[in-house]
Protein chains: 4
Amino acid sequence: MGIKVGVLGAKGRVGSAVIAGVNASADLELVAEIDQNDSLSTLTEKGAEVIVDFTTPAAVMGNLEYCIAHGIHCVVGTTGFDDARYNQVREWLTATENVGVLIAPNFAISAVLTMAFARQAAPFFESAEVVEYHHPNKLDAPSGTAIKTAQGIAEARREAGMGAVPDATDQALDGARGADVDGVNVHAVRMTGMVAHEEVIFGTTDQSLTIRQDSYGRDSFVPGVLTGVRQVADHPGLTVGLDKYLGL
Amino acid sequence: MGIKVGVLGAKGRVGSAVIAGVNASADLELVAEIDQNDSLSTLTEKGAEVIVDFTTPAAVMGNLEYCIAHGIHCVVGTTGFDDARYNQVREWLTATENVGVLIAPNFAISAVLTMAFARQAAPFFESAEVVEYHHPNKLDAPSGTAIKTAQGIAEARREAGMGAVPDATDQALDGARGADVDGVNVHAVRMTGMVAHEEVIFGTTDQSLTIRQDSYGRDSFVPGVLTGVRQVADHPGLTVGLDKYLGL
Amino acid sequence: MGIKVGVLGAKGRVGSAVIAGVNASADLELVAEIDQNDSLSTLTEKGAEVIVDFTTPAAVMGNLEYCIAHGIHCVVGTTGFDDARYNQVREWLTATENVGVLIAPNFAISAVLTMAFARQAAPFFESAEVVEYHHPNKLDAPSGTAIKTAQGIAEARREAGMGAVPDATDQALDGARGADVDGVNVHAVRMTGMVAHEEVIFGTTDQSLTIRQDSYGRDSFVPGVLTGVRQVADHPGLTVGLDKYLGL
Amino acid sequence: MGIKVGVLGAKGRVGSAVIAGVNASADLELVAEIDQNDSLSTLTEKGAEVIVDFTTPAAVMGNLEYCIAHGIHCVVGTTGFDDARYNQVREWLTATENVGVLIAPNFAISAVLTMAFARQAAPFFESAEVVEYHHPNKLDAPSGTAIKTAQGIAEARREAGMGAVPDATDQALDGARGADVDGVNVHAVRMTGMVAHEEVIFGTTDQSLTIRQDSYGRDSFVPGVLTGVRQVADHPGLTVGLDKYLGL
């Protein structure tokens, strides 16, 4: 038996990986694979309880309107959401009591946990820095995830009333101390062979704490999506960000 | 101004480090240093608001009785507590409304956080193992901390209804896969030059999460003790374990 | 221009990756792709200077006999070599003066360097241990590479007249201290999401040295093969093991 | 029995640590402890075969002249050497055939090996970066050791005819990609609790190689000094740099 799942964007690379993940899970049952030109009515005919949407900004809102109206929970990794879209989803959800919608920019559970743990640890350490490692074809440095992680640390430090990190450097080569993101230094390494890796380091008297996330391949979002599928029915309304599902 | 602090066991190595930590903190004020043969009445005369006790199992209960009776909060790292002692402390505390007592076996904040994060992360990863590293003079393997960490992971997995970790090994040298602690493999490395280090590794599809704690010296307990001193007044009653103070 | 290369076993997964590597190298020119049923005479017709052989134990000796006789250098990753086969190759090589043949069990250059550096470092550190990490479908523990690494360290220690590693452990859970490989402890971690990783750790007074190799994907042998192709003409005769080409 | 050792600068912190190291070594025998105002003739009276000099730039040349003239080998960690001083030492050495003098700026054997291995590995990897970690009281960034390591990598790349490291970054926060040292990016992390740590990372197709050195305390120079003491008699003449003794 298990939860009946429909996948939208089923023929895309991401959708295919989600389908493989659902099929490999004894507690989930794949009932519908929808791609462009397929009718959404298949979802209701097959009794889908949860859909996963990795489609396009142009398609996703129509998909959500249909699913919410038909009482189907939604796990969404499609990009392009802004406040106007979130508010539209919330409005649709007012017409129903129990439907849950999870929209998340990042389903890589190790990255989501790294960010969450970094915020939790931040108030207890004088020093905090972030080092991220990516393949050399990446265009931006640091990565968006590393910037967000540093901002989370900075915010947690401010809330705890902490001052600046200690740093006596008075003679430095340009760039040696990394980029300053809200007072947290962030370093970006570019390395052939690597995929995507992030390390957050905290230090205080005689000790350090390191939280490191390694992505070795392109399917690192799958476990987070499946976590979303399993829990979305227990989170009615709109939830933005997978971290809210992790019981942190 | 700041919180008025008394240190019991002031002449011991640990007590001396606590004193140095208090003196280095602008928000804390050292008002009393008590060692064997010193009278506890100094604490009340000097207006101590919080005491730190790193004394002996023989001395600590008398110290706590006195401090609780005089409305002084207590942060305790002395060993030798069992249920009978905890219950005695709770009984003393019933006579007062606002006194807080924190008793913790481990004040190394990076180790405490590692254990707490490991429990939180455990339900989201099929695989989990622990590797600890210590100097070669250590007598037990794995360390008590590593065993506790593995037990916490195992408990979190059970609560989440997870089965055994995947492991296809069918041909192994004796000991290669480590010690089995409640189904979590634990490996102990002994290395001249190292101090005390623990690494918890979690894995799921295409990714891993590593939480690592490094102790570089003997004073790694100090930041945790000072965190206790700052927060004990906000936690009336008996608290066992620093993790309860970390807002996790 | 560049070195003219022929690939034998061209349609296999490994051969295809070698072809892609040759095509991506400005200093190499692919002149022949040979698979089952293709004639070796293509190699001479196209003027191949070096061949790469990732075929089968059944095919490789015929390939080598032909190439050596025609003055073509050989880089061989095919398995199944024993002393009899090595001697046969040496005999064929006596008939020519300048042909080089490299036969290597492992072309992953980071793994080959890790093993070589581990041997070099071993005499200078009291402590040495190996930790390897693989996906949980691996059948043997520790990996063959980790065992070989430990044996190399043990040999280097013996040659330097060193005694046993220091280890005061007198109370251990079964397996906690890993497998004993010639007196060097080896630990095997099995982790969903990981590929193949090896860490060698050395320790002495107040310091440690860590040499770590990470394989993130299946093509990690390619750079080593291309190194072989570029250097084989400078190493006439039979060479066993890529490490001989690395100038260590 | 063992090698008869004299220590100059015996009352300094470094000299004391060397003395402890000699005393802990069965193959070495401490015969003289010399400090300011002590006469060097004690060395000859006691039959010192090797001296260790951690004194001052003002004292060291006189010490060397005396020892070389009396056929005593010298292991020197004192700073302040320039070409003029090296030449002076070489001139004194011409008068004797067998005396060895080792002058080294860095005796931390793990750091010396890291630099040497980095040079050896460099030609085989497209990508190379250095990350160093120090306590936040350090004034310069990156550390001198990290700069030298990067320069060694850059030189090895040039000698191998390699071009620039691959890096597609076209949108970066200032400093994110580190300091550019001869084309090798170097990142400096400053972290309360840490001591001195250096990580060199190399990457090529589907793999990386990491060489990491950790100093946990202030006595990390001792094993290198003792290695020098044991080998100096086998290296007549002037040697600059401990790496020449490591058989690399």
Most mobile listed residue (C:Gly193, C:Gly237, C:Gly228) in chain C, GNM with C-alpha springs under 10 Å
C:Gly193
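Compute the Rg/Rh shape ratio of the range B:1-87: radius of gyration over Kirkwood radius, all on alpha-carbon atoms. Mind showing how you got there, number by number?
Numbers: Rg = 12.3 Å, Rh = 12.9 Å.
Value, to two decimals: 0.95.
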For the range D:1-79, report the accessible area per residue in Å² (1.4 Å probe, heavy atoms, rounded to an integer).
44
Partners for B:Lys46 among lysines (Cα-Cα distance below 30 Å; same-chain residues under 8 apart left out)
B:Lys4, B:Lys11, B:Lys244
Percent antiparallel among DSSP beta bridges confined to the protein assembly as shown, nearest 5, equals 45
Please compute one quarter of the surface area of the Cα convex hull for chain A and express it in square nanometres.
15.9
Per residue accessible area in Å² of the range D:109-216, where ligands, DNA and RNA are left out and the probe is 1.4 Å:
30
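Work out which trypsin sites (Lys or Arg not before Pro) in chain B are exposed loop sites (DSSP not H, G, I, E or B, at most 13 other Cβ within 10 Å) and give the longest gap free of them. Walk me through the numbers on the way to the answer.
On the way: sites that count: B:Lys11, B:Arg218.
With trypsin sites (Lys or Arg not before Pro) excluded where exposed in loops, chain B gives B:12-217 as its longest stretch.
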Each label sits 7 Å from Cα toward the beta-carbon; between A:Ser41 and B:Asn23 the label points are separated, in nm, by 8.3
Using only alpha carbon pairs under 8 Å that are at least six residues apart, calculate the relative contact order of the range B:109-216 and give it in whole percent.
41
Gap separating the Cα centres of the range D:141-182 and the range B:122-180, nearest whole Å:
39
Interface buried area B-C, accessible surface with 1.4 Å probe, both sides summed, nearest 100 Å², comes to 3200
Rounded to the nearest Å, the spacing of the alpha-carbon centers of the range A:189-248 and the range C:21-35 is 41
Mind listing the label-point distances from B:Thr42 to the same position on all other copies, shortest first, one decimal in nm, points 7 Å along Cα→Cβ?
4.2, 8.0, 9.1
Quick one: dipole size for the range C:109-216, taken about the Cα centre, charges +1 on Lys/Arg Cβ and -1 on Asp/Glu Cβ, in debye to the nearest 20.
300
Checking the cross-link filter: which lysines have an alpha carbon closer than 18 Å to that of B:Lys138, excluding same-chain neighbours under 8 positions apart?
B:Lys148
Label zone at A:His70 (point 7 Å along Cα-to-Cβ), backbone N below 13 Å, the range A:27-48:
A:31-35, A:38-48
Quick check on the protein assembly as shown: what are the equivalent-ellipsoid semi-axes from the Cα gyration tensor, as sqrt(5λ), descending, whole Å?
48, 46, 25
Taking the axis of the rotation relating chain D to chain B, the D residue whose Cβ comes closest, together with that distance in whole Å, is D:Tyr216, 3
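Using only alpha carbon pairs under 8 Å that are at least six residues apart, calculate the relative contact order of chain C and give it in whole percent.
Numbers: 453 pairs, mean separation 58.1, N = 248.
Once normalised by length, the contact order is 23 percent.
Computing the accessible area with a 1.4 Å probe over protein heavy atoms, can you report the carbon and sulfur percentage for the range C:109-216?
Details: 1510 of 3230 Å².
Carbon and sulfur atoms account for 47 percent of the accessible area of the range C:109-216.
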Considering all alpha-carbon pairs of the range D:109-216, what whole percent are spaced by more than 18 angstrom?
47
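What percent do you get for the relative contact order of the range C:53-165 when only Cα pairs under 8 Å and 6+ apart count? All intermediate terms of the calculation are to be shown ahead of the outcome.
Working: 91 pairs, mean separation 24.9, N = 113.
Computed over the range C:53-165, the figure is 22 percent.
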Would you kindly work out, in nm and rounded to one decimal, the distances from the label point of C:Ala58 to those of the same position in each other copy, ordered shortest first, with label points 7 Å along Cα-to-Cβ?
5.3, 8.2, 8.4
If you put +1 on each Lys and Arg Cβ and -1 on each Asp and Glu Cβ, how big is the dipole of the protein assembly as shown around its Cα centre, in Debye rounded to 20?
0
Those residues of the range A:205-237 for which accessible area with every protein chain present is at least 40 Å² below the isolated value (1.4 Å probe):
A:Thr205, A:Asp206, A:Gln207, A:Ser208, A:Leu209, A:Thr210, A:Arg212, A:Tyr216, A:Pro223
Placing the label point 7 Å from Cα along the Cα-to-Cβ direction, what are the distances from D:Arg85 to the equivalent spots in the other copies, shortest first, in nm to one decimal?
5.6, 5.8, 6.6
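The values are calculated or read from the model by the stated rules, or taken from the named source; none is laboratory data. Just so it is clear, the structure is predicted and the values come from calculations on it, not from any experiment. Methodologically, a virtual Cβ is constructed for each residue, glycine included, from the backbone with ideal geometry; neighbour enumeration extends over all protein chains shown. Note: accessible area is taken over every heavy atom of the protein model, side chains too, but ligands, DNA and RNA are not part of it. Shrake-Rupley method; radii C 1.70, N 1.55, O 1.52, S 1.80 Å.
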